[in-house]
Amino acid sequence: MKKESFVHIVIAMLLTFCGGFCDAYTFITRGGVFASMQTGNLIKLFVNLIDKQTFEWMFFLPIIFFILGCVITVLSQKWKHEYILTMVLLFVSFLGCGFCPQNDAWNLVCVCILSVTGAMQFQAFRHCMDYYYTSTMCTNNMRLFSESIVERNKGKILFYLSVIIIFSIGCVVGVVLSKEMGIYSLCPFSSIYLIVLIIEIIMRTKKRELESQLA
């Protein structure tokens with residue numbers, strides 16, 4: 001395996017871990033809402049609407065902000081520093097939301113912020129080498145894993161199995177630490193995005209140096 005390919009896989013796994021962690025965190029500490037898995041929020045919205053005859057903004061607004069985050073990412077795709085911007089915003093959102101108080105108003109603010117940045121991660125990081133994957137949820141990864149079994153593609157099987165396992169580990173760590181540390185458990189994991197940001201900058205710098213040498 002080439003060194004560059006290995007680095008891309010490491011980045012994919014780090015982002016996937018954070019994706020699993022973040023949804024577990026918001027579910028445990030921020031009112032049972034998912035930051036990225038908007039299907040769950042949509043189901044909860046209509047369950048409350050039918051059973052309790054109440055419209056829950058806590059489940060509705062994250063869906064809107066997730067869509068907003070996807071729109072922002074699509075519009076910024078022509079900007080060559082899109083990935084760096086996404087990493088910076090993810091780092092700031094993880095660090096900042098970890099210090100926000102735990103009440104209904106701040107829970108809603110945090111979930112909406114994490115929904116925007118989660119959508120940006122979902123939209124900006126959709127492939128690793130030749131493999132398409134999702135770093136913020138696992139339904140599509142499970143589908144692709146199933147296809148790779150049928151295709152008997154060992155590389156794809158190993159990749160998607162790893163993604164699913166890492167996402168699951170992120171969820172487990174998110175649940176455990178959220179119960180132990182509460183809202184502050186999000187803060188240390190902002191460093192993962194900082195690490196990915198540094199790796200991305202180093203890779204881009206080396207790529208520019210190589211291109212200048214070949215020119």
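The values are calculated or read from the model by the stated rules, or taken from the named source; none is laboratory data. Because the structure is a prediction, the values reported are computed rather than measured. For neighbour counting, all protein chains shown are included, and Cβ atoms are generated from backbone atoms with ideal geometry for every residue, glycine included. Side chains included, ligands, DNA and RNA excluded: accessible areas come from the protein's heavy atoms. Shrake-Rupley method; radii C 1.70, N 1.55, O 1.52, S 1.80 Å.
Here the condition is being farther than 20 Å from I199 by Cβ and either touching a Leu at 6+ places or on another chain (Cβ under 9 Å) or open to solvent by less than 30 Å² (accessible area, probe 1.4 Å) (or both); of F94, F60, it holds for F60 alone. The criterion of at least 2 residues that are of a type outside the set (A, V, I, L, M), over 14 Å from the mean Cα position of the chain (by Cα) and crowded, with 21+ Cβ neighbours inside 10 Å is met by the following helices (runs of 4 or more DSSP H) wholly inside region 116-215: 154-181. Taken residue by residue, region 6-21 has no member that is open to solvent by 50 Å² or more (accessible area, probe 1.4 Å), free of Cβ contacts under 8 Å to residues at least 24 places away in the same chain and either farther than 28 Å from V196 by Cβ or among the acidic types (D, E) (or both). Scanning region 22-43 for residues that are part of a helix (DSSP H, G or I), under 22 Å from I183 (Cα atoms) and open to solvent by 50 Å² or more (accessible area, probe 1.4 Å) turns up F27, I28. Among residues of region 163-178 that are under 15 Å from A12 (Cβ atoms), those with a Cβ under 9 angstrom from a residue that is among the β-branched types (V, I, T) and in a helix (DSSP H, G or I), sequence gap 6+ or separate chain, pair up as V163/T16; I164/T16; I166/T16; F167/T16; G170/T16.
Conditions (1) open to solvent by 70 Å² or more (accessible area, probe 1.4 Å); (2) in contact (Cβ under 8 Å) with a residue 24 or more places away in the chain; (3) out of contact with any strand residue (DSSP E or B) (no Cβ under 7 Å at 6 or more places or on another chain), marked per residue:
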| residue | (1), (2), (3) |
| --- | --- |
| E4 | yes, yes, yes |
| Q53 | yes, no, yes |
| E56 | no, no, yes |
| I67 | yes, yes, yes |
| S76 | no, no, yes |
| I84 | no, yes, yes |
| V88 | no, yes, yes |
